[in-house]
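One structure below.
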Amino acid sequence: MYKLLLCLRYLRTRWIALASIVSVTLGVATLIVVNSVMDGFTIQMQERMHGILSDLVLETRSTMGIAQPQWYEERIRARLGDTVEGVTTIVTLPAMLTFQHNGNSHTQQINLIGIDQKTYASVSDFSKYLLHPENRQQLSFLLKDTGYAPEREQLQPAGWEYRKPMARYRKATVDVLREQAEREQQRYQELQQKIKEQNLEDGTDTPSPAADSGLESIMAGPSMKLENKAQIKPFDAEVEQRTGIVLGIGIGSVRGRDIDNQVQDFFFLRPGDDVQVTFPNAGTPPRGIDESFTIVDFYESKMSEYDSTFAFVPIEKLQHSRGMINPQTGIGAVTSIQIKLKKGMDLNAARDALRDEFPPSHELVEVRSWRDTQGPLLAAVQMETTILNILLFMIIAVAGFGILATFFMIVVEKTRDIGVLKSLGASSRGIATIFLGYGVLLGSVGSGVGLICGLLFVWKINDIAKIIEWITGREVFDPTVYYFDSIPTMIQPFMLVWVTLGSIAIAILASVLPSIRAARMHPVEALRYE
Amino acid sequence: MSNSTTTIKPHFDLAKRAASYRVVHPEDPAPAPTLRVHPDSARDLIYACGLTKSYRRHKTSVPVLKGVDFAAERGKITAIIGQSGSGKSTLLHLLGTLDRPDSGEIHFAGQRIDSLPVRQRDRFRNEQLGMIFQFYHLLPELTVLENVLAPAMISKGVFSYWRNLRPIQASAKKWIDLVGLGHRMNHRPCELSGGEMQRTAIARALINDPSILLADEPTGNLDQETGASILRLLQSLNRDHGLTIVMVTHDESVAQSCDSIVRLTGGKVERLPTLGIAANSGTN
């Protein structure tokens, strides 16, 4: 009983020990904050990585692709049974995107993905990231009139609302040029006429060769071209669109700061613009095919790797252009089959089952899960978290030595009391229990306060970041670097438990030695101690 | 070299002390040979024979007790008297089982206690013994009541303590009232005067109803009047409760009021009749 009473009394009266426990508090709070933020980042990153990737992908490297996707799909469904939520076929290709901006031509490397717009949404969250609200419901590769993410001022105008005036303007520019060319031609003909008349008058009938071949052919150029165009009914950009393409937002825009230092996206491409995409056909050797597409939407998965390389087009268009459709059966080949599992299903087990179904030695297909695709990155983050935890626990260990020193001081200070207690009949074990119990109490109080502080910090982390920004004048999270408008956090109860228990354990360990010393104290010497 | 000087020093001190003793009391006879005590467990509550004890300091052992025989009669007050360094506190510590003698035996109520295992000696101290000290040795974090309760808490676990809280507290209050501190129950030791602290210590020593009280210079740190009142308190406890008291003191007048006196000189004992001291009491 006296142990409990004295522990509690010491806790209340020895403020120096509470000061030593502050280091434990800080350590615990830091561990909780760091772990929560790291977990938040990891989860958000995984979500984004997973965002437009399906759970499993069955892929071939062959140029021609998988010729009978239907057969594969049936085998997959038969093997995985009702764990499958959705299956879709896609064609992915390395490609080159070319567009005009400010009169200059720009080229960029992209991953061109041909998707089935009806089933693709069933395997990935892709549609969730589209800018146009209607496309989020059901993706269509037709350009909308307007309504592309109205909250993004920089993107407006977009859609037909943007395409029509642009087309009219271009047409007007062409008209002006044509009128100019026609006037030139007229003048030239008049000039010719005059020369002819003059020659007739002079009697020299033969015209000069230069005027006949060189000048005429040059001046006749524009008129020839215009006549040709008129014959094959020109593409009217004002009312027509090319095949739709959905680009990653990073392809069509850059994020930067405007003159007021506000973070803005600057769009050099908008829904309604036309782009040229060059990709290999399915022949051997492959040749580049050049196709024009009209941007019908952007997507923003906030995973910059995806946002700056992936472009989605209708699968039929790709199959048709590349010559992947079997002329006899009319079945289009695909390069990969994507599978989404039902929630909570074991990803690796499903992958292994498919690998077993399609052994790499027999089939030309490879089965991967999205984790495999992003494996190195996930492993790196995991490693980072582990190392950070080890380092921070070392800080708590340092705090442990602080407690050790303080405890030794307290034991020395309490020498006489230890002697008194022994003279009253307290056993050595009882004395040790007092100081051990004191260590447990201090550890619990320290880590308890640390726990509360850490949780409060995590809860208000964005406000705290704002305050730090205000004080230092520097942004903690630069939104041009991170696609986060706020710091993501994720509190895992298991982490809280082991951080708290771990630091209590360190406090107890640190109090073991002083307790043993106190217990071993000789009562007579302790009583004599001044 | 420095080592040897430090080892010699204690011997030198002792020699000097012995010399000064002779100078101050030239009329004293040479130390009489130690009287052999013939212990009688019916008469003597605690007795010891042939106790030797030496302390090790820097590899040299300094003998403090050199074969001491001692007995304290039941229900009597026995004073241990002697100069500083004569070993009287050491003897008291040995009697209180706070330390073990190098040789010799200590018996309490007919049972040998110096050779008991540590646990049993702890229990013996807790249940049979009360101790008070010159510097009171109260626990500064606890109130008067809690200080008095401490031995009861030590003897009982948390649950049995809570179960018996009422009787224990009642007896603590009884003792506190008895020593005259009923109005100071919830004060901290630092708020008390020296006499009050010693009274608290006495109440604490008595809470477990011990049969013997060991007092190490209980009045040594108090003024004459307070010391006298403490002494009266101890005498009344002896008289009313039959408490056996062994008291270490260097105050001859205090010793004089006791039932018997044991004089320690240079680690040996010399039993004098109470009245025999009277001649020397004035010189102290």
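The values are calculated or read from the model by the stated rules, or taken from the named source; none is laboratory data. Keep in mind it's a predicted model, so treat the numbers as computed, not measured. When we count neighbours, we look across all protein chains shown, and the Cβ atoms used for this are built from the backbone with ideal geometry, even at glycine.
Under the condition of being in contact (Cβ under 8 Å) with a residue 12 or more places away in the chain, surrounded by fewer than 23 Cβ atoms within 10 Å (Cβ to Cβ) and either of a type in the set (Gly, Ala, Ser) or outside any loop (DSSP other than H, G, I, E, B) (or both), the residues counted in the range A:292-309 number 5.
Which ones in the range A:515-530 are part of a helix (DSSP H, G or I) and either within 12 Å of chain B (Cβ to nearest Cβ) or more than 25 Å from A:Ile403 (Cβ to Cβ) (or both)? Scanning the range A:515-530 gives A:Ala519, A:Arg520, A:Pro523, A:Val524, A:Glu525, A:Ala526, A:Leu527, A:Arg528.
Only one of the numbered conditions (1) under 23 Å from B:Ala79 (Cβ atoms); (2) of a type in the set (Val, Ile, Thr); (3) surrounded by fewer than 18 Cβ atoms within 10 Å (Cβ to Cβ) is violated by B:Val248, and that is (3). Do we have A:Thr406 as β-branched (Val, Ile, Thr), more than 27 Å from B:Thr97 (Cα to Cα) and in contact (Cβ under 8 Å) with a residue 12 or more places away in the chain here? Yes; evaluated as a whole, the condition is true for this residue. When restricted to residues that are of a type in the set (Lys, Arg) and within 21 Å of the chain's Cα centre (by Cα), the range A:1-58 contains 1. Between B:Ile77, B:Ile81, B:Ile154, the distinction of being at pLDDT 90 or above and aliphatic (A, V, I, L, M) belongs to B:Ile77 only.
Taking the conditions (1) under 30 Å from B:Leu116 (Cβ atoms); (2) within 14 Å of chain B (Cβ to nearest Cβ); (3) of a type outside the set (Lys, Arg); (4) assigned to a helix (DSSP H, G or I) in turn, A:Ile410 satisfies each one other than (1). Entry remark, the range A:230-263: residues being more than 19 Å from A:Gly114 (Cβ to Cβ), surrounded by 12 or more Cβ atoms within 10 Å (Cβ to Cβ) and among the polar types (S, T, N, Q) number 1 in total. Scanning the range A:422-436 for residues that are part of a helix (DSSP H, G or I) and within 17 Å of B:Leu95 (Cα to Cα) yields A:Lys422, A:Ser423. Applying a threshold of 8 Å to beta carbon distances and a minimum spacing of six or more residues, or different chains, the list of pairs starting in the range A:59-85 at a residue that is without any contact (Cβ under 8 Å) to a residue 60 or more places away in the chain and ending at one that is assigned to a strand (DSSP E or B) and surrounded by 14 or more Cβ atoms within 10 Å (Cβ to Cβ) reads A:Arg77/A:Val84; A:Arg77/A:Val87.
Of the residues B:Ser89, B:Ser84, which is touching a residue at least 60 places away in the same chain (Cβ under 8 Å), surrounded by fewer than 23 Cβ atoms within 10 Å (Cβ to Cβ) and within 9 Å of chain A (Cβ to nearest Cβ)?
On the way: B:Ser84 fails: within 9 Å of chain A (Cβ to nearest Cβ).
Of B:Ser89, B:Ser84, the one residue that is touching a residue at least 60 places away in the same chain (Cβ under 8 Å), surrounded by fewer than 23 Cβ atoms within 10 Å (Cβ to Cβ) and within 9 Å of chain A (Cβ to nearest Cβ) is B:Ser89.
Taking only the range B:115-144 into account, find how many residues are crowded, with 19+ Cβ neighbours inside 10 Å and either without any contact (Cβ under 8 Å) to a residue 60 or more places away in the chain or basic (Lys, Arg) (or both). Steps first, answer last, please.
In the first step, residues of the range B:115-144 are kept if they are crowded, with 19+ Cβ neighbours inside 10 Å; the result is B:121-122, B:125-126, B:128-133, B:136-139, B:141-144.
If we keep only those that are either without any contact (Cβ under 8 Å) to a residue 60 or more places away in the chain or basic (Lys, Arg) (or both) as well, we get B:121-122, B:125, B:139, B:141-144.
Number satisfying all stated conditions: 8.
Just name the residue that is farthest from the other protein chains (Cβ to nearest Cβ) out of those in the range A:1-31 that are surrounded by fewer than 16 Cβ atoms within 10 Å (Cβ to Cβ) and under 19 Å from A:Ile506 (Cβ atoms). Before you say what the answer is, go through the steps one by one.
Initial filter on the range A:1-31 (surrounded by fewer than 16 Cβ atoms within 10 Å (Cβ to Cβ)): A:4, A:8, A:12-13, A:15-16, A:19, A:22.
Still in the running and under 19 Å from A:Ile506 (Cβ atoms): A:16, A:19, A:22.
Working: A:Ile16: 14, A:Ala19: 18, A:Val22: 22 Å.
This residue is A:Val22.
Checking the stated criteria, A:Gly344 turns out not to satisfy the condition of being within 14 Å of chain B (Cβ to nearest Cβ) and out of contact with any strand residue (DSSP E or B) (no Cβ under 6 Å at 6 or more places or on another chain).
Among the residues making up the range A:430-451, those that are surrounded by fewer than 24 Cβ atoms within 10 Å (Cβ to Cβ) and under 52 Å from the mean Cα position of the chain (by Cα) are A:Leu436, A:Gly437, A:Val440, A:Leu441, A:Ser444, A:Val445, A:Gly448, A:Val449, A:Leu451.
A:Asp417 meets the conditions (1) within 14 Å of chain B (Cβ to nearest Cβ); (2) in contact (Cβ under 8 Å) with a residue 60 or more places away in the chain in every case but one. The failed one is (2).
Out of the residues in the range A:499-514 that are surrounded by 15 or more Cβ atoms within 10 Å (Cβ to Cβ) and of a type outside the set (Gly, Ala, Ser), state the one that is nearest to the other protein chains (Cβ to nearest Cβ). Outline the logic, then answer.
Restricting attention to the range A:499-514, the residues satisfying the condition of being surrounded by 15 or more Cβ atoms within 10 Å (Cβ to Cβ) are A:499-500, A:502-512, A:514.
Those still in the list that are of a type outside the set (Gly, Ala, Ser) too: A:499-500, A:504, A:506, A:508-509, A:512, A:514.
Working: A:Val499: 30, A:Thr500: 25, A:Ile504: 21, A:Ile506: 26, A:Ile508: 20, A:Leu509: 25, A:Val512: 20, A:Pro514: 18 Å.
Filtering first and then ranking leaves A:Pro514.
Please verify whether the range B:50-60 includes one or more residues that are more than 13 Å from chain A (Cβ to nearest Cβ) and within 21 Å of B:Asp259 (Cβ to Cβ). Scanning the range B:50-60 turns up no residue that is more than 13 Å from chain A (Cβ to nearest Cβ) and within 21 Å of B:Asp259 (Cβ to Cβ). Within the range B:93-107, take every residue that is within 10 Å of chain A (Cβ to nearest Cβ) and outside any loop (DSSP other than H, G, I, E, B) and give me the one that is surrounded by the fewest Cβ atoms within 10 Å (Cβ to Cβ). Here the answer is B:His93. Selection of the range A:238-291 for residues being assigned to a loop (DSSP other than H, G, I, E, B) and under 26 Å from the mean Cα position of the chain (by Cα) yields A:Asp258, A:Asn261, A:Gln262, A:Phe268, A:Leu269, A:Arg270, A:Gly272.
Taking the conditions exactly as written (modelled with pLDDT of 90 or more and within 30 Å of B:Leu129 (Cβ to Cβ)), does A:Ala432 satisfy them or not?
Numbers: modelled with pLDDT of 90 or more: yes; within 30 Å of B:Leu129 (Cβ to Cβ): yes.
For A:Ala432, the condition - modelled with pLDDT of 90 or more and within 30 Å of B:Leu129 (Cβ to Cβ) - is met.
Would you check if there is a residue in the range A:420-429 being more than 38 Å from the chain's Cα centre (by Cα), surrounded by 15 or more Cβ atoms within 10 Å (Cβ to Cβ), within 12 Å of another protein chain (Cβ to nearest Cβ) and at positive phi? There is at least one residue in the range A:420-429 that is more than 38 Å from the chain's Cα centre (by Cα), surrounded by 15 or more Cβ atoms within 10 Å (Cβ to Cβ), within 12 Å of another protein chain (Cβ to nearest Cβ) and at positive phi.
Residue by residue, here is whether (1) under 25 Å from A:Arg61 (Cα atoms); (2) more than 18 Å from the chain's Cα centre (by Cα) holds:
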residue	(1), (2)
A:Glu305	yes, no
A:Thr309	yes, no
A:Lys317	yes, yes
A:Thr329	yes, yes
A:Gly344	no, yes
A:Ser361	yes, yes
A:Leu364	yes, yes
A:Arg371	yes, no
A:Leu377	yes, no
